[in-house]
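Heads up: the structure comes next, in structure tokens.
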Amino acid sequence: MLQNLRTRWLGLLTAALLLTAPASADTGEQMYAAQCARCHGKVGEGTKKYPKPLAGERSVPQLAEQIQKTMPENDPGSLSKDDSAKIAAYTYDAFYSTAAREKNKPVRIELARLTVPQYKNALADILGSFRGGNNNTTWDAKRGLKGEYFKNRNHGQRQIDRLDPEVKFDFGTKAPTEKDFDAKEFSARWTGSILVPETGEYTFIVKSDQSVRLWVNDNKKALADGYVRSGSDNEYKGTLFLLGGRAYPIRVDFSKALQGVKDKDPKPIPAFVQLLWQQPNGTEEVIPARNLSPQFSPEVYVDQTKFPPDDRSYGWERGTTVSKAWDQATTDAAFDAAGYVSTFLNEIAKVNDRDDKRAEKLKVFLRQFAKLAFRKPITDDLEKMYITRAIESTPDVQAAAKRSVLMILKSPRFLYREVGGTPDQYDVAARMAFALWDSIPDQELLTLAANNKLKTLDDVRKQTDKMMADTRAKARIRGFLHHWLKVDHARDAQKDPKRFPGFDAAVVADLRTSLDLLLDDVVGSEKSDFRQFFLGNETYLNGRLAKFYGADLPADAPFQKVAFEKGRRAGVLTHPFMMATFAYTGETSPIHRGVFVARGILGVGLKPPAEAFTPLAADLHPTLTTRERVELQTKGVNCQSCHAVINPLGFVLENFDAIGRFRELDHNKAVDATGGYQTRAGEQKAFKGPAELAKFLADSPDAQTAFAEQMFHHLVQQSIRAYGAKRGAELRESFAKTGCNVRQLAVEIVATAAVKGRD
Amino acid sequence: MSQTRRDFIRTLGLSAAAVPFVLNLPSLGFANQGKRKQRLVVMFTPNGVVPWNFWPKETGSDFTLPTSVKPLEPFKKQTLFLHGIADKIRGDGDGHMRGIGCLLTGIELFPGNIQGGSDTPAGWAKGLSIDQEIKNFLQKDEATKTRFGSLELGVQVPDRADTWTRMVYTGANKPVAPVSDPYQMFKRLYGRTADNKVLASVLDDLNADLKKVAGAVSSEDRKLLDEHTTFVREMEQELKAAKSHGEIGHKVPDLEPGVKGDNDNIPKISKMQIELMVNSFASDFSRVATLQYTNSVGGARMKWLGINEGHHELSHEPNKNDAAQEKLTKIDTWFCEQMAYLAKRLSETPEPGGQGSLLDNTTIVWTNELGQGNSHTHNDTPFLLVGGGLDFKMGRSLKYKQVPHNRLLVSMAHGFGHRVKSFGNPNYCGDGPLNDLT
């Protein structure tokens, strides 16, 4: 009772306060200048009387409360709540918060260590260079695996040598072909390479009712071993962590026969075999031809150490922080690599036990190892420290190699970018490689640097353009596009199974694949035209997606381009995967979609909401459409400063439900898909439906600038402002000149950043 | 992904540098003190034995060691012959496959696609092996839990996974590959300790170079490198701490470098594996171990004994081929020498924190896939025990009338206080553990 009374009194007091202090029409900045700057300084730097700068860790609401209670000094409490909030918001963004202070610092190119992907790629490429070059980063034009079929059970007497798009065979009781085979006993082998699109854990599965074995990236030890069939097992699997943008050797051995002692009286029995995988964000599927090639690829050294994640606080990964866990991980990884070198020393260093020049050859090998790791030839002093001392420390060459490799990989010259030496063309080569391949420069780049061939911007452009053909460059660009579209972290696309029956993990995985195919298609096309991301009116569908989204394809159709809901769909913007990820489990989310378009595509700076809100529940407002509910919830003045931008962009996409299906009705009312946007140049645009929005985005200078700047940050991993205040504008200009060519933009970004070093 | 040693250390929240130190700490390494430590070693050799040179004629505690088992003379009082035990498991698979596959599992093989020289084809065993059963029992209890639980060692086990090469199973269809490469085993046991020595030896140079590099960058950038330097310094201190503690702990065994895993190096590798096993016991890394010489149907050519034929082909020779039987006896004797060497190394090593020697607390069970090679019989399957790990009454020669070996497997579990009613196929366990062992 007493409690109730007190609350009521407090309520009355607050009301009285609000009456005496009506909200001002001024902005936070104006009020700060008028009332606060006198004591606190123009940008919160403090004055003689109050020297303490306005800087701290409070949140905006906390700050607002403090201002309201304590300011101004001569009349605390006289500011209205709203005004305090406005001043707090202004000071927070202008100079108070850590982020603001960081932003206000003069921007420079910072010293960085290798990011985790760079570290792992570097190890793969250093060790790979001793195993037949960088073959695992090229990808030829043939799709599928080399399929060989043999007359006897032990892969002898080959009868057929052909290209099989995928390994999915049900031979029944028959032979692979009519002639030259005994259907009761034969064997087959599939060999070639598998292209891994992105870094992560891949599970490989081989299914068969016969003897079967699978090797992936290790030609000696089988990843899945079904040589022995036992009981009713007919599925064998193994999981590998693999680096994206590389091809790995793969082989399947299949034998239809009893193993061990030869069967004297084989019976006619059925036989099948299938090769499947599960990608990091995917579901089990037969490995599609597009990820297979009959080409040879050497084994890749893939470091398995768990590193702490890289800093992403600026929105892109960068190596500007170190931690003890990171240091420990680099030690673990260095030991693993050193152990690997020492174990396979003869093979890698091309020496043998009886060679009397073994020590000498070892030195040559280590010198090359250090050169690749340090991204430049090593000086005599460094050679003494990193190589000679190790060799002289022990007669055991394997131990010497281990020690030297350990030291090289723990060296700051390997771990950090551009340290220990005057800037030269080797640094240019390294910048190019890290930006485009997320890895170290190869021998070709180092040779160019040595021969003074990376001197001019044109030299660098030309070489960068060549580097674009590498599978690592393609993976890097695709990685950026995922980042741009905010699909780089496995987004939850689970939906309400009652409302969207059949929208399962397999459909989600297919949608992801569909989006990736579309992205690759645009980037890889001749014009590589950015605008096609928005204007393209074809979608990749397979049988399963077609059935689910109501397109006309056979149930088992592989992925193909389909003109699907022409006029209603527009490129990636309305891709069902995008629409489904920017939505709740049952309802759409115009706010998520709007924020994505505003911040992600158009580069509009938006503040997070002052406090967390739960969206109004649809079932509590059964007569309202989603659009109406959002309008209801965000109509407050405070909300509108951002939602006036967000909502009209999100509303335009209301024709797509929470799984990205086209709809005319929302809660039994016609969908209102009108909206608008005010450009940075001040022009007010109005859109009706997604096609108009997409058309606007395609040609929008704001969208192109945002795309170019984001790509810069993703590839170069430094703030673009460190490369000049106008760098963003310049990039957008050259981007527009090339007809918005995405590949050329990447080349331009990498080349122009590569010629500028840390001051 | 399975738990690696590194993960294990991480779970403890300790840096790798502190590992040797930690594992010797009374509070962690020997947290499982108190009761006497009991251990089990199963040693496997293939192709049966020459029975008349293997089994003592006498029953009871007064017996003479026949030719093949003479090397056990110094341990005769700690030796127990169990003659007349039969592996009665039938079903799919030829005699060799069942010989190795049902030996420690006591259960049939699944139907499958591996065809032997006779009988029906088969796959893997339908259940786990007794060593893994005992390991699981010990690992369940904090007082008997060890870092590895069990070690599966091999000598010249071919790099081929099939029914003939696998004896240990963690479950139905889950065979375990023994590690035949002593260096690989060494790495698993001591990897980081040896690595840390190398790391410590390069830290001075690394620090010097780090300083040089830091001197060449701007003061703003130097902050990052300075931070890095403190990590290196901390690592140096941890290594020093580890070293000073390492001195009072058990030492890491020295392995001869560069021994290749080929036929002629079998004697060397056998000794290296035994050395690693004894050291792991001394450090209480594990209380269960298996040591598998070659495989079922194994064809080692013991040229160091002057024998050029493969073991398996010799084992098919009839009893009346004296020359062959003499060679086979030599082979059996050589295997027995390995057992004797293991017993010797265990007997020379004092039980850390306990009474007597490691051998007083370890039972070695030498067994075989077959009773005799030329008949492929599973009757009189060799079971020869040495050591005091299981509280069996030793120094005896016992004769049975072909009792199912499942009962002995049950007895082994009971020896550890794990009172299972049956093991493997319960149809062969009706009468419970063998009643005259303790």
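Data overview
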{"item": "Filtered residue count, the stretch B:258-300, keeping only those that are assigned to a helix (DSSP H, G or I) and of a type outside the set (Lys, Arg)", "result": "18"}
{"item": "Residue ID - nearest to the other protein chains (Cβ to nearest Cβ), chosen from residues in the stretch A:244-269 that are within 24 Å of A:Asp303 (Cα to Cα) and charged (D, E, K, R)", "result": "A:Arg251"}
{"item": "A:Thr283 surrounded by 17 or more Cβ atoms within 10 Å (Cβ to Cβ), modelled with pLDDT under 95 and among the β-branched types (Val, Ile, Thr)", "result": "no"}
{"item": "Test result for A:Ala122, surrounded by fewer than 21 Cβ atoms within 10 Å (Cβ to Cβ) and part of a helix (DSSP H, G or I)", "result": "no"}
{"item": "Residue match in the stretch A:402-425 (condition: surrounded by fewer than 24 Cβ atoms within 10 Å (Cβ to Cβ), touching a Lys or Arg at 6+ places or on another chain (Cβ under 9 Å), without any contact (Cβ under 8 Å) to a residue 40 or more places away in the chain and within 16 Å of A:Ala122 (Cα to Cα))", "result": "yes"}
{"item": "Filter result for B:Gly191 (of a type outside the set (D, E, K, R), outside any strand (DSSP E or B) and within 23 Å of B:Gly415 (Cβ to Cβ))", "result": "no"}
{"item": "Residue list for the stretch A:646-673, filter: free of Cβ contacts under 8 Å to residues at least 24 places away in the same chain and not small (Gly, Ala, Ser)", "result": "A:Arg663, A:Glu664, A:Leu665, A:Asn668"}
{"item": "Counted residues, the stretch A:666-690 - those being within 19 Å of A:Val645 (Cα to Cα) and surrounded by 20 or more Cβ atoms within 10 Å (Cβ to Cβ)", "result": "5"}
{"item": "Odd one out for B:His96, checked against (1) within 14 Å of chain A (Cβ to nearest Cβ); (2) surrounded by fewer than 22 Cβ atoms within 10 Å (Cβ to Cβ)", "result": "(2)"}
{"item": "Enumeration of residues in the stretch A:504-533 that are assigned to a helix (DSSP H, G or I) and over 17 Å from the mean Cα position of the chain (by Cα)", "result": "A:Ala505, A:Ala506, A:Val507, A:Val508, A:Asp510, A:Asp521, A:Val522, A:Gly524, A:Gln532, A:Phe533"}
{"item": "Residue match in the stretch B:132-150 (condition: within 14 Å of chain A (Cβ to nearest Cβ) and out of contact with any Pro (no Cβ under 7 Å at 6 or more places or on another chain))", "result": "no"}
{"item": "Criterion: outside any helix (DSSP H, G or I) and of a type in the set (A, V, I, L, M) - qualifying residue of B:Ala177, B:Ala214", "result": "B:Ala177"}
{"item": "Count of the stretch B:166-185 residues which are closer than 18 Å to A:Thr394 by Cβ and crowded, with 20+ Cβ neighbours inside 10 Å", "result": "0"}
{"item": "Matching residues, the stretch B:117-136, being acidic (Asp, Glu) and assigned to a loop (DSSP other than H, G, I, E, B)", "result": "B:Asp119"}
{"item": "Whichever residue in the stretch A:48-95 is free of Cβ contacts under 8 Å to residues at least 60 places away in the same chain and of a type in the set (Phe, Trp, Tyr) and, among such residues, is farthest from A:Leu606 (Cα to Cα)", "result": "A:Tyr50"}
{"item": "Qualifying helices (runs of 4 or more DSSP H) (wholly inside the stretch A:26-101; at least 1 residues being hydroxyl-bearing (Ser, Thr, Tyr) and closer than 30 Å to A:Ser313 by Cα)", "result": "A:81-91"}
{"item": "Checking B:Ile114 against (1) aliphatic (A, V, I, L, M); (2) more than 14 Å from every other protein chain (Cβ to nearest Cβ); (3) not in a loop (DSSP other than H, G, I, E, B), the condition it does not meet", "result": "(2)"}
{"item": "Qualifying positions in the stretch A:435-457 - in a helix (DSSP H, G or I), without any contact (Cβ under 8 Å) to a residue 24 or more places away in the chain, surrounded by fewer than 20 Cβ atoms within 10 Å (Cβ to Cβ) and more than 29 Å from the chain's Cα centre (by Cα)", "result": "A:Thr447"}
{"item": "Answer from A:Phe241, A:Phe272 - the residue that is at the interface with chain B (Cβ under 10 Å from one of its Cβ atoms), touching a residue at least 40 places away in the same chain (Cβ under 8 Å) and surrounded by fewer than 20 Cβ atoms within 10 Å (Cβ to Cβ)", "result": "A:Phe241"}
{"item": "Residue within the stretch B:223-245 that is in contact with a His (Cβ under 9 Å, 6 or more places away or on another chain), surrounded by 15 or more Cβ atoms within 10 Å (Cβ to Cβ) and within 9 Å of chain A (Cβ to nearest Cβ) present", "result": "no"}
{"item": "Selection count, the stretch A:341-394, where residues are more than 11 Å from chain B (Cβ to nearest Cβ), outside any helix (DSSP H, G or I) and free of Cβ contacts under 8 Å to residues at least 12 places away in the same chain", "result": "8"}
{"item": "Residue in the stretch A:143-159 that is in a strand (DSSP E or B), free of Cβ contacts under 8 Å to residues at least 24 places away in the same chain and not polar (S, T, N, Q) present", "result": "yes"}
{"item": "Criterion (among the aromatic types (Phe, Trp, Tyr), modelled with pLDDT of 95 or more and out of contact with any His (no Cβ under 8 Å at 6 or more places or on another chain)) met by exactly one of B:Phe75, B:Phe137", "result": "B:Phe75"}
{"item": "Boolean, B:Asp264 is surrounded by fewer than 18 Cβ atoms within 10 Å (Cβ to Cβ), closer than 30 Å to B:Pro158 by Cα, in contact with a helix residue (DSSP H, G or I) (Cβ under 9 Å, 6 or more places away or on another chain) and at pLDDT 90 or above", "result": "yes"}
{"item": "Qualifying residue in the stretch B:100-109 (condition: surrounded by 19 or more Cβ atoms within 10 Å (Cβ to Cβ), on the phi > 0 side of the Ramachandran plot and modelled with pLDDT of 95 or more)", "result": "yes"}
{"item": "Flag for A:Lys42 being surrounded by 14 or more Cβ atoms within 10 Å (Cβ to Cβ) and basic (Lys, Arg)", "result": "no"}
{"item": "Hits in the stretch A:84-136 (condition: within 14 Å of another protein chain (Cβ to nearest Cβ) and over 23 Å from A:Met467 (Cβ atoms))", "result": "A:Glu102, A:Lys105, A:Pro106, A:Val107, A:Arg108, A:Glu110, A:Leu111"}
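The values are calculated or read from the model by the stated rules, or taken from the named source; none is laboratory data. Because the structure is predicted, anything quoted here is derived from the model rather than measured. Positions of Cβ are backbone-derived with ideal geometry, glycine not excepted, and every protein chain shown enters the neighbour counts.
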